[in-house]
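The values are calculated or read from the model by the stated rules, or taken from the named source; none is laboratory data. All of these numbers come straight from a predicted model, not from anything done at the bench. Virtual Cβ from ideal backbone geometry, glycine too; neighbours counted across all protein chains shown.
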């Protein structure tokens, strides 16, 4: 039994409200756990990921559908997005067996959709939370996502202090619908950085950006306005120093400000967006 996941819209700003609860936003892989006829771990697009995460199944309840995030944490307890990606793309049994020890996964559960023959999706969120918290006991492989009521600004400041991805705001009375909804909002803790534009892709004009030491920073496709693009190409055509099949390369003169969600261990900015040029 697969239920399409409820997805987040983006809040325009941080806020507090007595009509909402607020949770830490975890940076992992969304999984729907279904065990009505047999235990299956579904991705948000109905792919099956049961094989990749065998350590989760023994501690998950029968006749239940849960929603949560599969996480790998580093030794300091921080989100390890590269670690969970490696786990997700593993296919060989022996490597998966080894990774259960080297990169163990925790299922961070935040909702319950079905239990013991009852579809719970039309219940208000706070009633679903009560059922979930009564059912699940935290252990090494499964953990309930905690929340606070009302004070989203306080939780966001904690997320910023600890360099977390952000927070999620959820309407207390929201039912669970299998599409994007303004009843669930993400508030991202954007990281800003300076970049040097060293080229652009021929296919879509995405910017090739580097750190100031010219090590790779990322490919930036979003954030530029038509005015930005017009100004960029007016200058770029005068400083092209080479090209290959995919890219034009520029002399390292143009600087800009970017924002993104986090840096990978290789210094790549995740989900980068253009902010403005630095003159």
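In the stretch 142-165, how many are in a loop (DSSP other than H, G, I, E, B) and at pLDDT below 95? Counting residues in the stretch 142-165 that are in a loop (DSSP other than H, G, I, E, B) and at pLDDT below 95 gives 4. Taking the conditions exactly as written (surrounded by fewer than 17 Cβ atoms within 10 Å (Cβ to Cβ), outside the structural domain of residue 262 (by TED's automatic domain parsing) and farther than 16 Å from residue 27 by Cα), does residue 127 satisfy them or not? In short, yes. For the stretch 85-94, the criterion of being outside any helix (DSSP H, G or I) and either surrounded by 12 or more Cβ atoms within 10 Å (Cβ to Cβ) or in contact (Cβ under 8 Å) with a residue 60 or more places away in the chain (or both) is met by at least one residue. Can you confirm whether the stretch 164-172 contains a residue that is in contact with a strand residue (DSSP E or B) (Cβ under 7 Å, 6 or more places away or on another chain) and either free of Cβ contacts under 8 Å to residues at least 24 places away in the same chain or outside the structural domain of residue 78 (by TED's automatic domain parsing) (or both)? Checking the stretch 164-172: not a single residue is in contact with a strand residue (DSSP E or B) (Cβ under 7 Å, 6 or more places away or on another chain) and either free of Cβ contacts under 8 Å to residues at least 24 places away in the same chain or outside the structural domain of residue 78 (by TED's automatic domain parsing) (or both). Exactly one residue out of 176, 107, 114 is more than 21 Å from the chain's Cα centre (by Cα) and either in the same structural domain as residue 56 (by TED's automatic domain parsing) or in a strand (DSSP E or B) (or both), and it is 114.
If you check residue 71 against the conditions, is it more than 26 Å from residue 23 (Cα to Cα), surrounded by 15 or more Cβ atoms within 10 Å (Cβ to Cβ) and without any contact (Cβ under 8 Å) to a residue 60 or more places away in the chain? Before the answer, list the steps.
On the way: more than 26 Å from residue 23 (Cα to Cα): no; surrounded by 15 or more Cβ atoms within 10 Å (Cβ to Cβ): yes; without any contact (Cβ under 8 Å) to a residue 60 or more places away in the chain: yes.
Criteria not met by residue 71.
Considering only residues in the stretch 217-242 that are in contact (Cβ under 8 Å) with a residue 40 or more places away in the chain and part of a strand (DSSP E or B), the one that is surrounded by the fewest Cβ atoms within 10 Å (Cβ to Cβ) turns out to be 222.
Among the residues of the stretch 134-172, those identified as touching a helix residue (DSSP H, G or I) at 6+ places or on another chain (Cβ under 7 Å) and surrounded by 14 or more Cβ atoms within 10 Å (Cβ to Cβ) are 141, 142, 144, 148, 166, 167, 169, 170, 171, 172. Looking across 27, 19, one residue alone is in contact with a strand residue (DSSP E or B) (Cβ under 8 Å, 6 or more places away or on another chain), part of a loop (DSSP other than H, G, I, E, B) and assigned by TED's automatic domain parsing to the domain that holds residue 135. It is 27.
Residue 76 falls short on exactly one of the conditions (1) closer than 27 Å to residue 163 by Cβ; (2) buried (at least 18 other Cβ atoms within 10 Å of the Cβ); (3) free of Cβ contacts under 8 Å to residues at least 40 places away in the same chain, and that condition is (2).
Can you spot a residue in the stretch 258-277 that is touching a residue at least 60 places away in the same chain (Cβ under 8 Å), under 28 Å from the mean Cα position of the chain (by Cα), under 14 Å from residue 205 (Cβ atoms) and surrounded by 15 or more Cβ atoms within 10 Å (Cβ to Cβ)? Yes, the stretch 258-277 has at least one match.
Here residue 16 clears all of (1) under 29 Å from residue 103 (Cβ atoms); (2) surrounded by 13 or more Cβ atoms within 10 Å (Cβ to Cβ) except the condition numbered (1).
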